[in-house]
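Peer 1: Just dropping this structure here.
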Amino acid sequence: MAENTDKWICRELISMLKKYGVNVIVASPGSRNAPLLVAAARENAIEVIPVADERSAAFIALGYAAVSDAPVAIICTSGTAVLNYGPAVAEAFYRALPLIVISADRPYEWIDQDDSQTIRQPGTFANFTKGSYDLNESVTDADKWYANRMINDAMTLALSGRKGPVHINVRLDCPLGRQSDSRHPQPRKIATLRPREDLTVGDARVYGRQLASPRKVMIIAGFMTPDSRLNQALGRLARLPNFVVMTETIANMHNPAFISRIDTTLSQMTDDDRHTLKPDVVITLGGALVSRHIKDYIRSIDNAEHWSVGHTHTTVDCFRHLSLRIEMRPEVFFPQLASAMQPHQASCDYSRRWELLARKAEATHQAYVGSAPWSDMRAFSVFMPMIPRNANLQLSNGTAVRYAQLFATRDYHRCDCNRGVSGIDGCTSTAIGAAMAYPGITVLVTGDMSAQYDVGALAYASLAPRLRIIVMRNGGGAIFRFVESTCYLDELEKYFAHPRQFPARQIAEAYGLDYFEAADEQSLRGVFRQFLSAPRAALLAVDTPAEESARILRNYFNRKSEYINHKQTDI
């Protein structure tokens, strides 16, 4: 006879997770959550991944959820353990990822009574979860009915509409280690019928007429999951003479007709271009944008309309021109819009003018990068084309994702970055979780400060052998040497950049990763294929000069045209 924890609430919760499609739980050890861990471990249909550090555990789960497109649960003990989930839960909220946060807790009567590991846990994540639920293990029929209803509510909420994290706090009393016959009535799952979500033919035609030439339409795609149907629809729209489609690297949308190097293209605009190329209507989809150039440009335009497509948790008016919220999935709306636009093919040179600007920008980009000395920019120009097309590319925040905006134009399997909140914490952990969910190669490109911040994630014992980590060892905090708010401060090196040498070799050896390094273009080209083909998880440290890299990146935006025209040597 198989045994399980005698805490019925734990068995109920784990069984319900499975019914709602949770196949993976990332769990951290503790005593108060022991019954939850026992129930999870003895559910044969769920894989339990043990990770001691709760902050890393939550980001690993986030990375797994993003790539697998499935809900993932995390379980921790009581006290400050749950607080360590905070950064990843906030990221999951703004990236619309269904992270199921489960925290064990003391009974009500012991909170604020100087008992160990007792804090006020309910509502910990109230500002960045879709819902918060507080359950206890009382055994009355009313309690069991209430718990079942709340668990159904939590899971339905996490997985419906704009997906997102929920927090389930479970109060458990001692004794915690008792076991009993695991036979337990199958819990009730409350089914949800979701009505069809699409436009009527009439509405689609109305929108088509509103966007017809001579109106100039700009579509901008932020971060999102790859979707072939959406990609095809945006491609059809991009071929219309009055449409331009701009896609960020982490939008995971690829077509030769798209402008995928947004910052590069906008950096070449003249004052005349800024006026003649301004759109009448801007349509956005996906998450927050990386490019500050496109945000500044659209905000500067008077009388532009902004349509936002997708499920949002609030009114998002990033450009200060929002006029229409279309609460539909983009992969449903844009194919219908593309079909509705087919009768409207009037002559217009808007798309053509953007295409010419993009070509000009590409030429100056190639000339500038080709003449740049060894630096971050030169290194990215070398290894980005060498990353396999079937790779999952993970980018840390700071300079890594910004450089990728300039170079990652290939259609990788997918490309992700924690841009929901844009923190540097958890970038390595997220990539570890992503690599666990993807059978191919996963490449993380990170800065040395981000890598150092999350170095504890490498202690996880079962790193996927297909994980590759590129650390740009550029003196720490390269972004602070680039942005105007910090780059000229006297305190830059002491308080912002932290130019301590990242001990990449020692870290790789300590955590069992194959190690490679490069300090110039020749060594990078020579070692990169060995790095990709290593038999186990591998780390590549790329050494670049800090000040030179920052100066070259600043001049890329500030003086690129002048450099090409006047053959300057100081770049």
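The values are calculated or read from the model by the stated rules, or taken from the named source; none is laboratory data. No experiment lies behind these values; they were computed from the predicted model shown. All Cβ positions, even for glycine, are placed from backbone atoms using ideal geometry, and neighbour counts span all protein chains on display.
Peer 1: Answer yes if at least one residue in the stretch 258-272 is at pLDDT 95 or above, over 30 Å from Asn555 (Cβ atoms), assigned to a loop (DSSP other than H, G, I, E, B) and touching a strand residue (DSSP E or B) at 6+ places or on another chain (Cβ under 8 Å), and no otherwise.
Peer 2: no
Peer 1: Given the criteria surrounded by fewer than 17 Cβ atoms within 10 Å (Cβ to Cβ) and among the charged types (D, E, K, R), does Arg402 qualify? Steps first, answer last, please.
Peer 2: Numbers: surrounded by fewer than 17 Cβ atoms within 10 Å (Cβ to Cβ): no; among the charged types (D, E, K, R): yes.
Here the answer is no, as Arg402 does not meet what is asked.
Peer 1: Next question. Filter the stretch 400-433 for residues that are in contact with a strand residue (DSSP E or B) (Cβ under 7 Å, 6 or more places away or on another chain) and either in a helix (DSSP H, G or I) or not hydrophobic (A, V, I, L, M, F, W, C) (or both) and give the result. Reasoning before the result, please.
Peer 2: Start the filter on the stretch 400-433 by keeping residues that are in contact with a strand residue (DSSP E or B) (Cβ under 7 Å, 6 or more places away or on another chain), which leaves 400-401, 404, 408, 412-417, 427-428, 430-432.
Matches in the stretch 400-433: Ala400, Val401, Ala404, Tyr412, His413, Arg414, Asp416, Cys427, Thr428, Thr430, Ala431, Ile432.
Peer 1: Checking Leu395 against (1) closer than 26 Å to Asn242 by Cα; (2) not assigned by TED's automatic domain parsing to the domain that holds Gly208: exactly one of these is not met. Which one?
Peer 2: Of everything listed in (1) closer than 26 Å to Asn242 by Cα; (2) not assigned by TED's automatic domain parsing to the domain that holds Gly208, Leu395 misses just condition (1).
Peer 1: Only residues that are in contact with a Lys or Arg (Cβ under 8 Å, 6 or more places away or on another chain), surrounded by fewer than 24 Cβ atoms within 10 Å (Cβ to Cβ) and in a helix (DSSP H, G or I): list them for the stretch 47-83, please.
Peer 2: Selection gives Val67 alone.
Peer 1: Which is over 30 Å from Leu36 (Cβ atoms), surrounded by 12 or more Cβ atoms within 10 Å (Cβ to Cβ) and in contact with a Gly (Cβ under 8 Å, 6 or more places away or on another chain), of Met218, Met224? Before you say what the answer is, go through the steps one by one.
Peer 2: On the way: Met218 fails: in contact with a Gly (Cβ under 8 Å, 6 or more places away or on another chain).
Of Met218, Met224, the one residue that is over 30 Å from Leu36 (Cβ atoms), surrounded by 12 or more Cβ atoms within 10 Å (Cβ to Cβ) and in contact with a Gly (Cβ under 8 Å, 6 or more places away or on another chain) is Met224.
Peer 1: Cβ-Cβ under 9 Å, sequence separation 6+ or interchain: first residue in the stretch 176-191 and surrounded by 14 or more Cβ atoms within 10 Å (Cβ to Cβ), partner modelled with pLDDT under 70. Which pairs?
Peer 2: Between residues of the stretch 176-191 that are surrounded by 14 or more Cβ atoms within 10 Å (Cβ to Cβ) and residues that are modelled with pLDDT under 70, the close pairs are Ser182/Met1.
Peer 1: When you scan the stretch 114-126, do you find a residue that is touching a Pro at 6+ places or on another chain (Cβ under 6 Å) and in the same structural domain as Trp8 (by TED's automatic domain parsing), even just one?
Peer 2: Of the residues in the stretch 114-126, the ones touching a Pro at 6+ places or on another chain (Cβ under 6 Å) are none.
Scanning the stretch 114-126 turns up no residue that is touching a Pro at 6+ places or on another chain (Cβ under 6 Å) and in the same structural domain as Trp8 (by TED's automatic domain parsing).
Peer 1: May I pose another question? Could you list, in sequence order, all residues of the stretch 3-41 that are in a loop (DSSP other than H, G, I, E, B) and of a type outside the set (A, V, I, L, M)?
Peer 2: Asp6, Lys7, Tyr20, Gly21, Asn23, Ser28, Pro29, Gly30, Ser31, Arg32, Asn33
Peer 1: Further, regarding this structure: For Gly440, state whether it is assigned to a loop (DSSP other than H, G, I, E, B), in contact with a Lys or Arg (Cβ under 7 Å, 6 or more places away or on another chain) and more than 18 Å from Ala400 (Cβ to Cβ).
Peer 2: Yes.
Peer 1: Select from the stretch 258-287 the residues that are surrounded by fewer than 17 Cβ atoms within 10 Å (Cβ to Cβ) and under 27 Å from Gly420 (Cα atoms) and list them in ascending order.
Peer 2: none
Peer 1: In the stretch 302-331, how many residues are modelled with pLDDT under 95 and under 29 Å from Asn558 (Cβ atoms)?
Peer 2: Residues flagged as modelled with pLDDT under 95 and under 29 Å from Asn558 (Cβ atoms) within the stretch 302-331 amount to 6.
Peer 1: If a residue must be part of a helix (DSSP H, G or I) and of a type in the set (Lys, Arg), how many such residues does the stretch 508-538 contain?
Peer 2: So the answer is 2.
Peer 1: Next question, about the same structure. Would you confirm, using the coordinates I've provided, whether Ala104 is of a type in the set (A, V, I, L, M), under 18 Å from the mean Cα position of the chain (by Cα) and closer than 26 Å to Ala66 by Cα?
Peer 2: When the stated conditions are applied, Ala104 does not pass them.
Peer 1: Considering only the stretch 366-399, state which residues are in a loop (DSSP other than H, G, I, E, B) and more than 17 Å from Glu521 (Cβ to Cβ).
Peer 2: Scanning the stretch 366-399 gives Pro388, Arg389, Asn390, Ala391, Ser396, Asn397, Gly398.
Peer 1: Still on this structure, I have one more. In this structure, is Glu562 at pLDDT 95 or above, surrounded by fewer than 18 Cβ atoms within 10 Å (Cβ to Cβ) and among the acidic types (Asp, Glu)?
Peer 2: On the way: at pLDDT 95 or above: no; surrounded by fewer than 18 Cβ atoms within 10 Å (Cβ to Cβ): yes; among the acidic types (Asp, Glu): yes.
Against the criterion (at pLDDT 95 or above, surrounded by fewer than 18 Cβ atoms within 10 Å (Cβ to Cβ) and among the acidic types (Asp, Glu)), Glu562 does not qualify.
Peer 1: Hey, any hits in the stretch 310-319 for a residue that's in contact (Cβ under 8 Å) with a residue 24 or more places away in the chain and in a helix (DSSP H, G or I)?
Peer 2: no
Peer 1: Please specify each residue of the stretch 104-132 satisfying the condition of being hydroxyl-bearing (Ser, Thr, Tyr) and modelled with pLDDT of 95 or more.
Peer 2: Thr129, Ser132 - these are the residues of the stretch 104-132 that are hydroxyl-bearing (Ser, Thr, Tyr) and modelled with pLDDT of 95 or more.
This table checks each residue for (1) modelled with pLDDT under 95; (2) in contact with an Asp or Glu (Cβ under 9 Å, 6 or more places away or on another chain).
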| site | (1), (2) |
| --- | --- |
| Ser523 | no, yes |
| Phe528 | no, no |
| Ala537 | no, yes |
| Ala541 | no, yes |
| Lys567 | yes, no |
| Ile571 | yes, no |
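Peer 1: Right, something else. For the stretch 370-400, what are the residues that are of a type in the set (Val, Ile, Thr) and at pLDDT 95 or above?
Peer 2: Val382, Ile387 - these are the residues of the stretch 370-400 that are of a type in the set (Val, Ile, Thr) and at pLDDT 95 or above.
Peer 1: Tell me yes or no: at least one residue of the stretch 144-160 is in a loop (DSSP other than H, G, I, E, B) and in the same structural domain as Lys7 (by TED's automatic domain parsing).
Peer 2: yes
Peer 1: Which one is surrounded by the most Cβ atoms within 10 Å (Cβ to Cβ), of the residues in the stretch 134-168 that are within 26 Å of the chain's Cα centre (by Cα) and polar (S, T, N, Q)?
Peer 2: Thr156
Peer 1: Checking the conditions here, which among Gln121, Gln113 is buried (at least 18 other Cβ atoms within 10 Å of the Cβ), of a type in the set (S, T, N, Q) and over 17 Å from the mean Cα position of the chain (by Cα)?
Peer 2: Gln121 is the lone residue from the list that is buried (at least 18 other Cβ atoms within 10 Å of the Cβ), of a type in the set (S, T, N, Q) and over 17 Å from the mean Cα position of the chain (by Cα).
Peer 1: Okay, next question. Which condition does Asn44 not pass, out of (1) among the polar types (S, T, N, Q); (2) within 27 Å of Gln394 (Cβ to Cβ); (3) assigned to a loop (DSSP other than H, G, I, E, B), if it passes all the others?
Peer 2: It fails just one condition, (2).
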